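Quick note: the coordinates plus some simple rules give every number you see, no bench work behind them. Values in this document were obtained by computation on a predicted structure and should not be read as measured data. Note: ideal-geometry Cβ built from the backbone for every residue, glycine included; neighbour counts use all protein chains shown.
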Amino acid sequence: MRPSELWRTTPFRLTLMNGAVFALALMALLGLIYQQTAGYLTRQIDQICVSEAKNLTVGGAERLPERVTQAVATDARHIGYYGLFSAEGIWISGNVRSLPSGFPIDGKTHEIRQHGLQPGSRALVQRMPWGEILFVGHDALVLTGLREIIVNALKVSGGLILVMGLGAAALLSLRPLQRIDSLRDASRAALKGELGVRLPVSARRDEIDMLAGVANTMIDETERLLWEVKSVGENVAHDLRTPLNRLRALLYRVRQETKLVGAEREMIDQALAETDELLVRFRALQRIGEIERRDRQAFFEPVRLQSVLEHVIELHAPSAEDRGVELAAEIAADAPQVQADPTLLFEAVSNVVDNALKFTPKGGKVTVRLLTREEGPRVEVADNGPGVPAAERDAVLQRFYRAERARTEPGSGLGLSIVTAIARLHHFTLVLEDARPGLKVALNCWPRGMEA
C-alpha cells in the first residue's frame, strides 16, 4: 500500500478529519478547564492576600514589623511575600526588600510580573493609616503546576490521538483499497479485450458496489453493441462471398466461352477485376474479425524480432528488385525478445513493407529498422516516397480509408487496418511519422501507456 494511495481513500481522510475534530474538541475542553480553574485559583489567591494583609494590620503599628517577620518565618512552602516599608519606601522588615516599580498602592490585588515569581502571581500594596507601606504577595505555584498538567495531558493525548488515528485510518482504508485493487485488475482485463470480465460486487451493496454495478451494466451494453457492430461487417462479408464467387465464375465463363472482342471484352475484363477487388476486401474484413476474436494469449511466445524481420525482407526482396526499389535493413542485434504471436507479427510487418514498396517510386529506398529503446524494441519501416500528410495519418489507419495519392493504386484500404488490429491485440502502438521525405511506420513493441 503506497502512502499516496492511502491518502486518497475516503475512509482514511474521514478518519483523520474525525481525529482532528476530536483533538480540537479535547484541546478546547482542557483549555476551558484550565481557564475556569485558573480563574478560581486567582480569586483564591486574591482572597489570601487580602486576608493576610488584614490579619497583619490588626493590633496597630507597634508590633507590625514583628508580625511581618513572623509571617515570613511560618511560610514553610515559601510562596508568601511580605514587606514593610516606611512612608518614604525604606525597607523595615519582610522578605521583599524593595517595592515593585510602578505597582499601584491602592490596597487592591494585581498580577505581579517579577523575576523569581511564577506567571499569575498576585500582590497588593496598601498604605497604613500611620503612613507605613505594607506589601503582601502570593506566588502561583499551584497555577503553574496546573498549567503543566494541562500541557502534558495535551501532549500525551495528542500523541495517542495521532498514533491511534493513523492506525485506525489505515485499518479502515485497507479493505476499501483491496476492493479498489480488485476493481482495477478487472478493469485492466476488460481494457485488454476480455469483455467477459465483470467488476466484482460484494454483499455490502455500498457505494463501491453501486459504482461497480453501473460499470458492469455499461460493459454489458458496450459488449452487446461491439459485437453487433463487428458482426455487421463480418456477416455481410461472409454472406456476400458466395454470390460474388458465383458472379466471378459466371463472368469468367462468359469471357472464356464467348467470342467477345473490343469494347465488350474490355467491359467483361473490368467487371472481373472489380469483382476480384471486392473479394479481396471481404477477405481482409474477415481477417480483421478473425484477429480481433482470437484468444489474447493462446499463441503468444517469446519472439526474436530479428528473425521475423529477416523473413519479411527475404519474402519481399524479389518484389523490391522487380520494382527497382532498394530494400535495406538495419537490425539491432541486442534487441530483446517480446511476448507475441510470431505469425501475426510477421503478417503486420509484411503488410507495412508491402505498402512501402507499393508507394515508393522506382529508384527509391525502403529501410527496415529494429531499434532498442529504454521502453523496449521498436520496428520502423521508412520509405522515401510521397508520404502521407499529417492530417491524414490517423485516417489511413481506419478501415477502407485511402489517401488521395493511393486512389490510383490497387488495394482495399484495409492493409493498415489489419496491422492496427494486430498491434492492438499485442497492446503495441502503431505510429506514423514523417521520414523527410516519405513515410515512417513504427511499431512500438511495448505495452501502451509506457511511453514517456
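General observations
- Ranked for footprinting exposure by Cβ neighbours inside 10 Å, fewest first, 124, 279, 99 give 99, 279, 124.
- Across the range 1-154, the relative contact order, built from alpha-carbon pairs under 8 Å that are at least six residues apart, equals 22 percent.
- Computing FRET efficiency as 1/(1 + (r/R0)^6) for residue 223 and residue 156, where r is the C-beta to C-beta distance and R0 is 41 Å, gives about 0.10.
- Here the Karplus relation 6.51 cos²θ - 1.76 cosθ + 1.60, evaluated at θ = phi - 60°, turns the backbone of the range 27-38 into coupling constants of 4, 5, 5, 5, x, 5, 4, 5, 4, 5, 5, 4 Hz, with x for every Gly and Pro.
- Under 14 Å from the residue 103 label point (7 Å along Cα→beta-carbon), backbone N, the range 38-73: 46, 49-50, 53
- Among 88, 310, the ranking by other beta carbons within 10 Å of each residue's beta carbon, starting with the fewest, stands as 88, 310.
- Furthest towards positive pole of dipole, 78, 98, 120, structure part the range 50-141, Cβ charges: 120
- Among 432-440, 247-255, the order from most to least packed when residues are scored by Cβ within 10 Å on average: 432-440, 247-255
- Taking θ as phi - 60° and the Karplus parameters 6.51, -1.76 and 1.60, the scalar couplings of the range 39-53 work out to x, 5, 5, 4, 5, 5, 5, 4, 5, 5, 4, 5, 5, 5, 5 Hz in sequence order, x denoting glycine and proline.
- Taking other C-beta atoms within 10 Å as the exposure proxy, 110, 78, 316 rank 78, 110, 316 from fewest upward.
- Peptides ranked, highest mean first, by Cβ atoms within 10 Å: ranges 134-144, 53-63: 134-144, 53-63
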